[in-house]
Each structure stands twice: as C-alpha cells, then as structure tokens.
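This report refers to the structure that appears directly beneath it.
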Amino acid sequence: MPDATTTVQELRDAMGGFVHERDWEQFHSPKNLVMGLSVETAELMEHFLWIDNAASRGVVNDPGKMGEIADEMADVTCYLLALCNTLGIDLSEAVRAKLVKNAVKYPVEKCRGKYRVEG
C-alpha cells in the first residue's frame, strides 16, 4: 500500500477493520486514543532524544533505525486514524483547512528566509 496509491480512507477502513475484528471499539474512547497517541509519539521521539540536528538527519543511512522509526510512525498514524474513526473527523478536510489557516497566519513573504538554524 504505497502512499502514491493509498487513500486516507483506505487506511481508515483498514484500521477500523482491525479494531472491529478484535472488538476493541469498547476501549477506543477519545480519551484513551489520545493518551495512546501521546505514548506512541513519545516512543517515536525517543529515537531522536539527545542527538543533534545533523545526527537526526543521518538516521536515513541506518536501515535498522529507519525500520524502528517507521514502526513508531505507523503506531502514531494508527492511533490518529482510530481517533478520526471514533470522532468522525475527515482527516483530509481537517489538514486542508489547517493549511489554509496556517497560510494566513504564516504568509510566505513574512516567513521565507527570515529564520535560520545555526550550526
């Protein structure tokens, strides 16, 4: 299921089916899903804890580390998709709406080239 050919709806359906087959809907309150999402996000963050920016960019050269990071990213995404399913939020619409808000809040002409990361 590569990104180029997989829709968000297909992923939501796959996650919904996975949850349903295990009768986990009973546990998927918004509170529990957000807490789980936070835990999985922290597990993703652990891979970058205590390393500098250059080292964090260098993880792409370590296939083992990339596999672990991909697993954590998948966990984060699964929780987010489950939350979308539980709350009935259309993720694509939410992202598009947020990008519009951010474009107004952070116009290119005021942001591009204004900030730099030092060494």
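The values are calculated or read from the model by the stated rules, or taken from the named source; none is laboratory data. Everything quoted here is computed from the prediction, not taken from an experiment. Every residue, glycine among them, receives a Cβ derived from its backbone with ideal geometry; neighbour counts consider all protein chains shown. We work out accessible area using only protein heavy atoms, side chains counted, and drop any ligands, DNA or RNA first. Shrake-Rupley method; radii C 1.70, N 1.55, O 1.52, S 1.80 Å.
Among residues other than Leu37 with Cβ under 14 Å from its Cβ, the summed charge is -3 (Lys and Arg +1, Asp and Glu -1). The chymotrypsin sites (Phe, Trp or Tyr not before Pro) of the stretch 25-119 that meet both conditions, a loop assignment by DSSP and at most 15 other Cβ atoms within 10 Å of the site Cβ, are Phe48, Trp50, Tyr115. With contacts taken as Cα pairs under 8 Å at a separation of at least 6 residues, the chain carries a relative contact order of 37 percent. Just checking the listed ones, Glu21, Glu93, Glu109: in the Gaussian network model of the chain with Cα springs under 10 Å, the one fluctuating most is Glu109. Annotation: Val76 carries an accessible surface of approximately 30 Å², with a 1.4 Å probe and no ligand, DNA or RNA atoms counted.
Other residues with beta-carbon under 14 Å from the beta-carbon of Leu49 carry, at +1 per Lys or Arg and -1 per Asp or Glu, a net charge of -4. On the principal axes of its alpha-carbon atoms, the stretch 24-119 has extents of 49, 39, 19 Å, going from largest to smallest. In this label model, Thr5 and Thr77 are separated by 1.6 nm, measuring between points 7 Å along each Cα→Cβ vector. At what distance in angstrom do the alpha carbon centres of the stretch 1-19 and the stretch 71-110 lie from each other? The stretch 1-19 and the stretch 71-110 have Cα centres separated by 16 Å. Take Asp52, project a point 7 Å from its Cα along the Cβ direction, then tell me which residues of the stretch 92-116 have their backbone nitrogen under 12 Å from it. Flagged as within label range: none. By the rule of a C-alpha distance below 30 Å, with chain neighbours fewer than 8 residues away ignored, the lysines paired with Lys101 are Lys31, Lys110, Lys114.
Per residue, the Cα convex hull of the stretch 1-62 amounts to 140 Å³. The Cβ shell under 13 Å around Lys65 holds other residues with a net charge of -4, Lys and Arg each +1, Asp and Glu each -1.
Element breakdown for the chain at a 1.4 angstrom probe: carbon and sulfur atoms account for 60% of the accessible area. Against the chain, whose longest principal axis is taken from its Cα atoms, helix 63-87 shows a tilt of about 50°. Solvent exposure of the stretch 1-71 amounts to 75 Å² per residue of accessible area, where only protein heavy atoms count and the probe is 1.4 Å. Bridging of Lys98 to aspartates and glutamates at a Cα separation below 20 Å is possible for Asp90, Glu109, once same-chain residues fewer than 8 apart are set aside.
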